[in-house]
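Here's the structure we're looking at; comments come further down.
The values are calculated or read from the model by the stated rules, or taken from the named source; none is laboratory data. Owing to the predicted nature of the structure, the values given are computational and were not obtained by experimental measurement. When we count neighbours, we look across all protein chains shown, and the Cβ atoms used for this are built from the backbone with ideal geometry, even at glycine. Accessible surface areas use protein heavy atoms only, side chains included; no ligands, DNA or RNA. Shrake-Rupley method; radii C 1.70, N 1.55, O 1.52, S 1.80 Å.
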Amino acid sequence: MLERPQGHGEANILFSLLPEDVRREVVGACSAVELALGDVLISAGAPIERVFFLSSGIASVVVVSKSGRKTEAGLVGREGFVPMAAAAGAPRNMTEIVMQAPGEALALDIGSFETLLAKHRVFFDILACAHHISRVQVECTASSNAIQSVTERLARWLLMCHDRVEGNSLHLTHDFLSTMLAVRRASVTDALHVLESHGFIRSERGRITIRNRETLETYAGELYGLPEEEGNRMLARFRRAHPSEPPLGNLTAV
């Protein structure tokens, strides 16, 4: 992670919902960072030293078993923050958080984060909503893993990534997808072929292009979009003061 001068990365939705005076204080305490593909923001079991508020890119929250197996539990873009355990006062994070799409963020050292959280109730309330929205996403992912086919799960996951990047191209390898979905690489290849045969996507080496989002949403089923719907409900009371902010289903809008 390359430290950037102050002034970058202020597009985080949570920050945009803060009252102007609180936002200035919080942003002023942050340092701007550029996050590359594959950057590990925190390892599983590591002490929490900084909290990241993404303005672009995607962070994957990955559960690491005692034997070292990895499974993605959730993903976060500019609608959230990581690690969320910091808001509960946990000294260590139990998951690995890694960048699956490069971007920028504002980072708060844990001491400043805890001070600002205690000082400003509105900051605490907004982060509590974000934590709840993330929990709904994890619950939907657990349901998807239990009742949907690998192809349906992949469709949902691609849509969630597409929500958080600009353009229609996702730079993803089969190996990365197999880790995120906790399936064999061959299963990922088969699922991509199915989605491509329907005209939903175009799959090339290291890149997937969304061709027909509307039909991909239909294929992904009813579990896609529920966290975003809940997020819009939960954040409505803060959003009323900032009506220009995009809904959570359109995370790359300015």
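Some notes on this structure:
- Options Glu214, Glu166; residue that is among the acidic types (Asp, Glu), farther than 24 Å from Met234 by Cα, in contact (Cβ under 8 Å) with a residue 60 or more places away in the chain and out of contact with any Leu (no Cβ under 8 Å at 6 or more places or on another chain): Glu166
- Selection status of Val98, open to solvent by 10 Å² or more (accessible area, probe 1.4 Å), out of contact with any Phe, Trp or Tyr (no Cβ under 9 Å at 6 or more places or on another chain) and part of a strand (DSSP E or B): yes
- The listed residues are Leu35, Leu17, Leu75, and the only one of them that is crowded, with 21+ Cβ neighbours inside 10 Å and over 16 Å from the mean Cα position of the chain (by Cα) turns out to be Leu17.
- Condition met for Leu181 (in contact (Cβ under 8 Å) with a residue 60 or more places away in the chain and within 30 Å of Phe15 (Cβ to Cβ)): no
- Note on region 95-124: residues that are over 19 Å from the mean Cα position of the chain (by Cα) and acidic (Asp, Glu) amount to 2.
- Qualifying residue in region 43-54 (condition: assigned to a loop (DSSP other than H, G, I, E, B), at positive phi, modelled with pLDDT under 95 and surrounded by fewer than 16 Cβ atoms within 10 Å (Cβ to Cβ)): no
- Being in a loop (DSSP other than H, G, I, E, B), without any contact (Cβ under 8 Å) to a residue 12 or more places away in the chain and open to solvent by 20 Å² or more (accessible area, probe 1.4 Å) is a property that holds for Gly68.
- Hits in region 16-34 (condition: part of a helix (DSSP H, G or I) and of a type in the set (D, E, K, R)): Glu20, Asp21, Arg23, Arg24, Glu25
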